[in-house]
Amino acid sequence: SAAEKGGYDYFMLKEIAEQPKAVADTLLGRIGTDGRLTLDELRISDADLRQVDKVVIVACGTAFHAGMIAKYAIEHWTRIPCEVEVASEFRYRDPIMGPGTLVIAISQSGETMDTLMALRHAREQGAKVLAICNTNGSTIPRESDAVLYTHAGPEVAVASTKAFLTQLVACYLVALYLGQVRGTKWGDEILAVIKELGDAPTLIEQVLETMEPVRELARGLADARSVLFLGRHVGFPVALEGALKLKELAYMHAEGFAAGELKHGPIALIEEGLPVAVVVPTHRGCTVLHDKIVSNIQEIRARGARTIVIAEEGDEAVVPYADHLIRTPATPTLLQPLVSTVPLQVFACELATAKGHEVDQPRNLAKSVTVE
Ligand code: G6P
């Protein structure tokens, strides 16, 4: 009903708008007054967390993209090797696990069969399993050793939005907590990032307030045959997520690529007028990464691409090559997906609406896939 949708036309619009609060709720009570994390709810002891020698993340769909981003954060902040794999592939390839392996199963619903089967397999091999889940008491957290709940609230639209951002937050919390208990050399950075994480709801709110040009752009692209998404570093999974949203909602051909792979194939797809969205890493951190993506934007534009550039405020280097420029507020590099994903959600939702599609219930898709 209209009341359930809180005045929005679709649950998806409501859920996109709820993201600042959802992220704030996921952070609530988890950052102490001393600026350190307290994850008392984690039933795995700090002593056990210090013994972890490998992290393996399993998930499906949008949750898998959150896992891909988590890998960058976990390896950087903790120096523990981290693998990430779609749950449906994981258990069939005889993966190597032991008592020092921490498996993280990410699932909004807690009922995805492939993810459940992967975690059962992991536990049989002696690994500890931590669930990151949005649904209290669902099967995946019940069968795990520990759970960190995302507090996104019920997500009704099939295409995941607020669950994704809160999964990211939960992954960052786990990564930072592992770093905190293990005392890595990034101690100061970890404290600074915990503080910046606290600012995320405000930053997401700022992004939401500037989305009208994105909606206008999306309406103008309703007849495009295909859209490509490029990114580097944590922007790569964001590009995959942008493409997934467009497939799910607009039934359009969309692909996400690591920008560094352009010359190994995707650049052959570039033709006059092809819309290409590029997620640009911060220009303040690793300038090498930033410079490389700027030259990628130049390359595709020279071949006729219509460039849609998602870049941080103050990044002037991209301006000459952006046919459309979408600004996001400054964040630490690893936290950037919290702001750069939002315009891509809005873009896909608006484009699908312009095509006359029912965005909450896309054809052929289910909110939760409970068969293998
Ligand atoms: C389905 C949904 C996606 C979701 C995926 C994983 O494909 O349509 O939105 O990302 O399942 O679901 P889960 O509940 O495990 O996060």
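The values are calculated or read from the model by the stated rules, or taken from the named source; none is laboratory data. Quantities reported herein were computed from a predicted structural model and do not represent experimental measurements. No Cβ is skipped: glycine too gets one built from the backbone with ideal geometry, and neighbour counts run over all protein chains shown.
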If you take the residues in the stretch 121-144 that are in contact (Cβ under 8 Å) with a residue 40 or more places away in the chain and not in a loop (DSSP other than H, G, I, E, B), which one is surrounded by the fewest Cβ atoms within 10 Å (Cβ to Cβ)? K128
Look through the stretch 41-72, keep the residues that are part of a loop (DSSP other than H, G, I, E, B) and modelled with pLDDT of 95 or more, and return whichever of them is nearest to the chain's Cα centre (by Cα). C60
Answer yes or no: is there a residue in the stretch 125-132 that is farther than 24 Å from E15 by Cα and within 16 Å of the ligand (Cβ to nearest atom). yes
Exactly one condition in (1) under 18 Å from G29 (Cβ atoms); (2) not in a loop (DSSP other than H, G, I, E, B) is not met by I104; state its number. (1)
When restricted to S138, S107, the only residue near the ligand (Cβ under 9 Å from one of its atoms), touching a Pro at 6+ places or on another chain (Cβ under 9 Å) and among the hydroxyl-bearing types (S, T, Y) is S107
Is at least one residue of the stretch 75-85 crowded, with 24+ Cβ neighbours inside 10 Å, modelled with pLDDT of 95 or more, within 15 Å of the ligand (Cβ to nearest atom) and under 18 Å from the mean Cα position of the chain (by Cα)? no
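Among the listed residues V156, V147, which satisfies the condition of being more than 15 Å from G61 (Cβ to Cβ), β-branched (V, I, T) and part of a loop (DSSP other than H, G, I, E, B)?
Every option except V156 fails the conditions.
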Based on this model, can you work out whether V309 counts as among the aliphatic types (A, V, I, L, M) and either touching a strand residue (DSSP E or B) at 6+ places or on another chain (Cβ under 6 Å) or in contact (Cβ under 8 Å) with a residue 40 or more places away in the chain (or both)? yes
